[in-house]
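These notes concern the structure reproduced below.
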2 protein chains.
Amino acid sequence: MEQTHVEDAGRLKALIEAGDAAGIEAFLSPLHPADIAEMLQQLDVEEQIVCLKRLETQRAAEVLTVLDSKSGQALLTLLSDREVGALLEELPSDDAADLISTLTPEKTERVEALLPTADRAEIQELLEFGADTAGGLMQVERVAVRDDASILDAIDVVRRAADSIENPQRVYVVDDAGKLVGELSIFDLVVQPHGRRVRDAMHHPVVSVPVDMDQRQVASVFSKYDEFTMPVVDGQGRLVGRITMDDIIDVIEEEASKDMTRIAGTTDQELGETSIFKVSRSRLPWLITGFVGEGIGAVLMSRYEASLATFVVLAFFIPLIVGTAGNIGIQAAVVVVRELALGQINLYRMGSRVLKELQVAFLNGLVLGGILFALVYFWRHDAALGVLLWGSLLLVIFVAAFMGSSIPLLLHRWKIDPAIATGPFVTVSNDVIGMAIYLTLATAYLRTH
Amino acid sequence: MEQTHVEDAGRLKALIEAGDAAGIEAFLSPLHPADIAEMLQQLDVEEQIVCLKRLETQRAAEVLTVLDSKSGQALLTLLSDREVGALLEELPSDDAADLISTLTPEKTERVEALLPTADRAEIQELLEFGADTAGGLMQVERVAVRDDASILDAIDVVRRAADSIENPQRVYVVDDAGKLVGELSIFDLVVQPHGRRVRDAMHHPVVSVPVDMDQRQVASVFSKYDEFTMPVVDGQGRLVGRITMDDIIDVIEEEASKDMTRIAGTTDQELGETSIFKVSRSRLPWLITGFVGEGIGAVLMSRYEASLATFVVLAFFIPLIVGTAGNIGIQAAVVVVRELALGQINLYRMGSRVLKELQVAFLNGLVLGGILFALVYFWRHDAALGVLLWGSLLLVIFVAAFMGSSIPLLLHRWKIDPAIATGPFVTVSNDVIGMAIYLTLATAYLRTH
């Protein structure tokens, strides 16, 4: 599929270079906005502008919302205020707010002045919510009826909303004070008798999310209840907007990116970033932390300079011991963090979860220690050294497994995001602690030999 | 929220211990099946059985589909064939097939014999598709009408399907041969005139997925087109089922788990696994690979035994050089893999993506090398050693960044899952190559001093 897009983008490029406006229009007109966006990602921003101007405003606006935020931002800076305003008017409030939040403050002000008052108010309301909260995800457009309306009234409301809301999914039922009291699916409108009171036909209680809920929690509510759309309420339980599942998929992808880049010691901000200075800045903190840790390790090792000088073979195994400690710790941490995210850990039994990690560590330590013993015995013909290494490894593995599993559980209990335990701190600690254990045992061994 | 569930589970446990059947029913009856499932995860399988038997069959079946697969499996083995059959009858075909696929072959046969013929045929059809394909995700239940029907006919079909399909979302339009030619939303049924031909009111072309498409690709089609439900077609373009977005969320979570556990050198099969032997087995391959790599490193180091014995300080910096190479490589690999997954890499310009990584590596190498030089200079008062280390580090970092970024891009071009590049092989290679570079430069330096 991707291959085809590369070829298509090539043909589109040729049309742009030839300045063939009619050809570009004919080429783009049968395509889905998402396919157009995917093709535009392969073009320069100037070429993107040429294409966008050949689309109807409605379609151009849809393409813009599907482009990744960096390409979208670059495009918007090249369009006039009037052009940006026209695009924004065509969009649902959440997409409009997302786009406007990428503009400079001056451009935002100029563009907002061009919008109809109602749109401007909606967008400004949305911009006040944190981008990572339910309020930042929701759109204010929704279909709502009073609880004393009839099914036929509800159908009327849906018909009138047809232009401004794509795929309404649900009709929300509110009381006099605007409080959410129930909901109907569009499907209910088809199957219920027209004369029935909404109050008698509606489903309740309704699963809703508060406007200030963190987006990761919102995603887990969606995935738990298998809803396609969910109402958002304020502190008084009043309906203020709705969130649709397509935005939730983006949240899940974004949170997965955050967790994955965190394991690697960087941030998801660098994905798609073109400035090498920004990329470097997002990676250096972890590299420097690792460096400081390993620097402490080097100083620590220097305190055993005498042992090492007389028995250099001890140094050969340091990377192996230290690396294994790091690997064991990161395995335990990543698995526990992932199980916490998926709700697979019995919160009654955190202790037994750590115990399981220690048992696994014991098994793995036996196997790896055995391999190490065999390596040392056949290579250096030194059984005592083999036993020393086996013992050190087992102890180091135990400590790493304990830290890797217990730290995320503790962070979770303290309501801190456990994923930070998969990053630099635990890994480096395991490295340094591993080295300290090994060198201490090794020196004790040398003294007795 | 989770805290409340722990408390609730405690109260439920007390009711079970007291054998208070009416109390259990009263406790569970106001709850959403997803909430019941979440609470059951905190209980033993015997306690889960007690609760399940106090629910109506329809609700018990819903709870069962939300439980994670391991708990569900344990529960099913304790229920009689007749009880399992009754639960399966209440479920959509995809959930029924998923549950049945966790039973032993003998139990499957006995349970299937108890099902109505139509259900049995549907389930057997679904079981033939790979679990990780569109066929494995879809349900066969869907609302379809012929293209010459009227909107009123379509409304009739939807009404009659109301019992067997929850949330139909779309009415699919097929021609005489069963080929998918268009679709209507339930919303269209509300707003379109009853007498209109479906053919004239339908949307087309329809985005659909082939029955054998890989689930990761299916998920990216959903997320690209922002659809809540999508039709599945066979090789001849005939409608065979539909996939809903709630299942896609599960796919995205599953694929994220796969990628994350792969970075840590294990598999997502171990998530929630209780057997320590199985967990150990899923982690050992990477640990052993790492071990072999570091073992090669140890043998390599022994070839420089003379240099190391006369100048032990060289050994102090090995973990630092090697660890940094590993970190740089994993950062580059994880970011490139994630950008590929999110479609953020311009496939025209893979070379420039690697070049960017090398530029970042140069910047980071300057900073880290500077820190290292300062450390060595103030600690050992040896500027020449400082320069040696700075140079080695820069070279090692370059190689690690090159491998970390180019290997996933090559794998992607060769149509191999690039995520395997985030695992053991690249990390260990970077470790060993880093050590080789450092020790070679160090020995050359010693010869000239």
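The values are calculated or read from the model by the stated rules, or taken from the named source; none is laboratory data. All values reported here derive from a predicted model rather than from experimental measurement. Counting neighbours? That spans all protein chains shown, and the Cβs are built from the backbone with ideal geometry, glycine included.
The figures follow:
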read-out: Residue within segment A:294-303 that is more than 8 Å from chain B (Cβ to nearest Cβ) and either of a type in the set (S, T, N, Q) or surrounded by 22 or more Cβ atoms within 10 Å (Cβ to Cβ) (or both) present; value: no
read-out: Test: residue B:8 is over 30 Å from residue B:132 (Cα atoms), surrounded by 13 or more Cβ atoms within 10 Å (Cβ to Cβ), at pLDDT below 90 and not hydrophobic (A, V, I, L, M, F, W, C); value: yes
read-out: Residue in segment A:78-87 that is small (Gly, Ala, Ser), assigned to a helix (DSSP H, G or I) and either touching a Pro at 6+ places or on another chain (Cβ under 6 Å) or more than 15 Å from residue A:140 (Cβ to Cβ) (or both) present; value: yes
read-out: Residues being part of a helix (DSSP H, G or I), of a type in the set (Asp, Glu) and at pLDDT below 90 - total across segment B:47-76; value: 1
read-out: Hits in segment A:213-228 (condition: in a loop (DSSP other than H, G, I, E, B), of a type outside the set (D, E, K, R) and at pLDDT below 90); value: A:228
read-out: Whichever residue in segment B:229-248 is surrounded by fewer than 21 Cβ atoms within 10 Å (Cβ to Cβ) and outside any strand (DSSP E or B) and, among such residues, is nearest to the other protein chains (Cβ to nearest Cβ); value: B:246
read-out: For residue B:38: the one exception among (1) assigned to a helix (DSSP H, G or I); (2) over 25 Å from residue B:273 (Cβ atoms); value: (2)
read-out: Looking only at segment A:407-417, and only at residues there that are touching a helix residue (DSSP H, G or I) at 6+ places or on another chain (Cβ under 8 Å) and surrounded by fewer than 24 Cβ atoms within 10 Å (Cβ to Cβ), the one that is modelled with the lowest pLDDT; value: A:417
read-out: Residues satisfying the stated conditions in segment B:182-212, i.e. assigned to a loop (DSSP other than H, G, I, E, B), under 31 Å from the mean Cα position of the chain (by Cα) and more than 10 Å from chain A (Cβ to nearest Cβ); value: B:206, B:208, B:211, B:212
read-out: Residue count for segment A:370-406, restricted to those that are under 19 Å from residue A:328 (Cα atoms), crowded, with 21+ Cβ neighbours inside 10 Å and either within 12 Å of chain B (Cβ to nearest Cβ) or more than 40 Å from the chain's Cα centre (by Cα) (or both); value: 8
read-out: So residue A:344, is it in contact (Cβ under 8 Å) with a residue 60 or more places away in the chain and either at the interface with chain B (Cβ under 10 Å from one of its Cβ atoms) or under 30 Å from the mean Cα position of the chain (by Cα) (or both); value: no
read-out: Conditions (1) within 13 Å of chain A (Cβ to nearest Cβ); (2) farther than 29 Å from residue B:120 by Cβ; number of the one not met by residue B:48; value: (2)
read-out: Test: residue in segment A:48-58 that is of a type in the set (S, T, N, Q) and within 20 Å of residue A:104 (Cβ to Cβ); value: yes
read-out: Residue selected from segment A:159-173 under the condition surrounded by 20 or more Cβ atoms within 10 Å (Cβ to Cβ) and not charged (D, E, K, R), by the criterion farthest from residue B:170 (Cα to Cα); value: A:173
read-out: Filter result for residue A:436 (closer than 29 Å to residue A:316 by Cβ, within 13 Å of another protein chain (Cβ to nearest Cβ), of a type outside the set (Phe, Trp, Tyr) and surrounded by fewer than 19 Cβ atoms within 10 Å (Cβ to Cβ)); value: yes
read-out: Residue satisfying all of: in segment A:42-69; crowded, with 19+ Cβ neighbours inside 10 Å and more than 22 Å from residue A:90 (Cα to Cα); nearest to the chain's Cα centre (by Cα) among these; value: A:42
read-out: Output for segment B:390-409, where each listed residue is out of contact with any Phe, Trp or Tyr (no Cβ under 6 Å at 6 or more places or on another chain) and closer than 18 Å to residue A:301 by Cβ; value: B:393
read-out: Hits in segment B:174-207 (condition: crowded, with 18+ Cβ neighbours inside 10 Å and among the β-branched types (Val, Ile, Thr)); value: B:174, B:181, B:186, B:190, B:198, B:206
read-out: Search result, residues across segment A:143-158 that are away from every other protein chain (no Cβ under 14 Å) and surrounded by 15 or more Cβ atoms within 10 Å (Cβ to Cβ); value: A:144, A:146, A:147, A:149, A:150
read-out: Within segment B:126-139, considering residues that are touching a helix residue (DSSP H, G or I) at 6+ places or on another chain (Cβ under 6 Å) and surrounded by fewer than 19 Cβ atoms within 10 Å (Cβ to Cβ), the one farthest from the other protein chains (Cβ to nearest Cβ); value: B:127
read-out: Subset of segment A:293-321 that is in contact (Cβ under 8 Å) with a residue 40 or more places away in the chain and within 22 Å of residue A:266 (Cβ to Cβ) - its residue that is farthest from the chain's Cα centre (by Cα); value: A:294
read-out: Segment B:261-286, residues that are more than 23 Å from residue A:352 (Cβ to Cβ) and either assigned to a helix (DSSP H, G or I) or more than 7 Å from chain A (Cβ to nearest Cβ) (or both); value: B:262, B:263, B:285, B:286
read-out: In segment A:105-141, the residues that are without any contact (Cβ under 8 Å) to a residue 12 or more places away in the chain and more than 16 Å from residue A:214 (Cα to Cα); value: A:105, A:106, A:108, A:109, A:113, A:117, A:118, A:120, A:121
